[in-house]
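Chemist: One structure is given below, represented as structure tokens, and several questions about it will come after.
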Amino acid sequence: MSSLREVAERARVAVSTASAALNGTRPVAAETRRRIEQAAADLGYRPNALARGLVSKRTRILALLFPAPHHGFGLTEMQFATAAAEAAKERGYHLLLSPERDDPVEELRHLTGLGLVDGVLVMEVKLDDERVEWLAGAGVPVAMIGRTREPDGVDHADIDFARTAADAVAHVAGLGHRSLAFFGHAPGAYAEQYGPAIRAAGEFAAAAAQAGLGYVGDLRASTADEGREAYGRLVAAHPEVTALAVMSDQAAVGVISAVAARGGRVPRDLTLMLVLSSSRVAELFHPRLTTLEPPSAELGRLGAGMLIDRLEDGDREPRQRLVPCRLVVGDSSAAPAARGSAAR
């Protein structure tokens, strides 16, 4: 197996420069880095991360926590993880995806106790999140994609739910709608204090009130069957509602089915929006749905960058960034004047 010294000699640089380029321990000029990486590839050299860690007490490995059994790992979550991994790689770190099981704190004890990770990036954050509390108490560097109830002491990047809700309400109000309903996640998400579910529901209610729209926000749906049932209850109790925002893609399938079963059609009989869903997912619907697309890649990169900054400059003040969703108008938005009475 080739040595680092052989790589340095082939690239015509000092051993310390070759080490810095391959290990990401300090900046190296782009042309020099390319020459070193080419030399390493030609010689079949592979840095030993564990050996480096024994010397530096750093592995340059980050863990990304994700409670996959509870919320799944869809396109939006993949965009978070991919962007975070790319941002970490650019700065010489590797990202380890760590799905969680029944006892996340016990798993954290095991994961950090092995000494294989330098820091932890937490996703799917709850308002009162025991993972974040434990990591902070254990002195493990941590950053969040999301935020707890009182997040000021921890680096985090999250969706600006207030701005997102205001943009959604402005969109339907601009079309002439005077009433809006919101289907949140299933009740379990609220019982678990899942941050996005709680914040989205609260901010939509506040934005509708600010705009003077009638608002219905007490319905929950996460599956197609729940979406059909919730829409039926909405129509029966609030026939005046002409616009609907839905947090679950599957629930939106049920809503469209329920509208069609009543002889109606989106958007003629209902303006329908997805909340926190990719525009690529929205394109799979017919009609193509209006969506509030989360800034997944940006938040993933921000979260990873904040964690690495914390590792490399532990004394700085915590950083916080809120980024709104992007309103992508599809074919499911229309003025209420275009509505018929069939969907009632």
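The values are calculated or read from the model by the stated rules, or taken from the named source; none is laboratory data. Values in this document were obtained by computation on a predicted structure and should not be read as measured data. We place every Cβ from the backbone using ideal geometry, glycine too, and count neighbours over all the protein chains shown. Only protein heavy atoms, including side chains, enter the accessible area calculation; ligands, DNA and RNA are left aside. Shrake-Rupley method; radii C 1.70, N 1.55, O 1.52, S 1.80 Å.
Chemist: Would you please name the residue that is nearest to Asp249 (Cα to Cα), looking only at residues in the stretch 78-104 that are touching a residue at least 40 places away in the same chain (Cβ under 8 Å) and surrounded by fewer than 18 Cβ atoms within 10 Å (Cβ to Cβ)? Steps first, please.
Modeler: Our first condition is that a residue be touching a residue at least 40 places away in the same chain (Cβ under 8 Å); within the stretch 78-104, this holds for 79-88, 91-95.
Imposing the further condition that a residue be surrounded by fewer than 18 Cβ atoms within 10 Å (Cβ to Cβ) reduces the set to 82, 86, 91-92, 94.
Working: Thr82: 21, Glu86: 27, Arg91: 35, Gly92: 36, His94: 32 Å.
For the stretch 78-104, the residue satisfying everything is Thr82.
Chemist: Separate question: Which residues, taken from the stretch 192-205, are out of contact with any helix residue (DSSP H, G or I) (no Cβ under 7 Å at 6 or more places or on another chain), open to solvent by 50 Å² or more (accessible area, probe 1.4 Å) and on the phi < 0 side of the Ramachandran plot?
Modeler: Start the filter on the stretch 192-205 by keeping residues that are out of contact with any helix residue (DSSP H, G or I) (no Cβ under 7 Å at 6 or more places or on another chain), which leaves 192-196, 201-202, 205.
Within this subset, residues satisfying the condition of being open to solvent by 50 Å² or more (accessible area, probe 1.4 Å) are 192-193.
The one that is out of contact with any helix residue (DSSP H, G or I) (no Cβ under 7 Å at 6 or more places or on another chain), open to solvent by 50 Å² or more (accessible area, probe 1.4 Å) and on the phi < 0 side of the Ramachandran plot: Glu192.
Chemist: List the helices (runs of 4 or more DSSP H) that sit entirely inside the stretch 237-344 and contain at least 3 residues that are closer than 30 Å to Arg91 by Cα.
Modeler: Values: elements: 249-261, 279-282, 296-312.
Where helices (runs of 4 or more DSSP H) fall fully within the stretch 237-344 and carry at least 3 residues being closer than 30 Å to Arg91 by Cα, they are 296-312.
Chemist: Tell me which of these Ala170 doesn't satisfy, since it passes every other one: (1) in a loop (DSSP other than H, G, I, E, B); (2) aliphatic (A, V, I, L, M); (3) under 30 Å from Ala335 (Cβ atoms).
Modeler: Result: Ala170 fails condition (1) only.
Residue by residue, here is whether (1) of a type in the set (Gly, Ala, Ser); (2) closer than 26 Å to Gln79 by Cα holds:
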{"position": "Leu234", "(1), (2)": "no, no"}
{"position": "Val246", "(1), (2)": "no, yes"}
{"position": "Thr271", "(1), (2)": "no, no"}
{"position": "Ala282", "(1), (2)": "yes, yes"}
{"position": "Ala297", "(1), (2)": "yes, yes"}
{"position": "Leu307", "(1), (2)": "no, yes"}
{"position": "Pro318", "(1), (2)": "no, yes"}
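Chemist: Can you pull out every residue in the stretch 315-344 that is open to solvent by less than 50 Å² (accessible area, probe 1.4 Å) and modelled with pLDDT of 95 or more? Spell out how you get there, then give the answer.
Modeler: So the first thing to find is which residues in the stretch 315-344 are open to solvent by less than 50 Å² (accessible area, probe 1.4 Å), and the list is 316, 318, 323-325, 328, 330, 332-336, 339-340, 342-343.
Within the stretch 315-344, Val323, Pro324, Cys325, Val328, Gly330, Ser332, Ser333, Ala334, Ala335 qualify.
Chemist: I would also like to ask the following. I'd like to check something: does the stretch 142-149 contain any residue that is open to solvent by 10 Å² or more (accessible area, probe 1.4 Å), part of a loop (DSSP other than H, G, I, E, B), in contact with a Gly (Cβ under 7 Å, 6 or more places away or on another chain) and not small (Gly, Ala, Ser)?
Modeler: Here is the first cut: in the stretch 142-149, the ones open to solvent by 10 Å² or more (accessible area, probe 1.4 Å) are 142, 145, 147-149.
Okay, now just the ones that are also part of a loop (DSSP other than H, G, I, E, B), so 147-149.
So of that shortlist, the ones also in contact with a Gly (Cβ under 7 Å, 6 or more places away or on another chain) come out as 147.
Adding the requirement that they be not small (Gly, Ala, Ser) leaves 147.
Checking the stretch 142-149: at least one residue is open to solvent by 10 Å² or more (accessible area, probe 1.4 Å), part of a loop (DSSP other than H, G, I, E, B), in contact with a Gly (Cβ under 7 Å, 6 or more places away or on another chain) and not small (Gly, Ala, Ser).
Chemist: For Ala84, work out the one condition from (1) within 23 Å of Arg33 (Cβ to Cβ); (2) in contact with a Leu (Cβ under 7 Å, 6 or more places away or on another chain); (3) modelled with pLDDT of 85 or more; (4) not in a helix (DSSP H, G or I) it doesn't fulfil.
Modeler: It fails just one condition, (4).
Chemist: Just one of the numbered conditions (1) in contact (Cβ under 8 Å) with a residue 40 or more places away in the chain; (2) closer than 30 Å to Ala282 by Cβ; (3) open to solvent by less than 30 Å² (accessible area, probe 1.4 Å); (4) in contact with a Phe, Trp or Tyr (Cβ under 9 Å, 6 or more places away or on another chain) is not true of Leu62; which one?
Modeler: (2)
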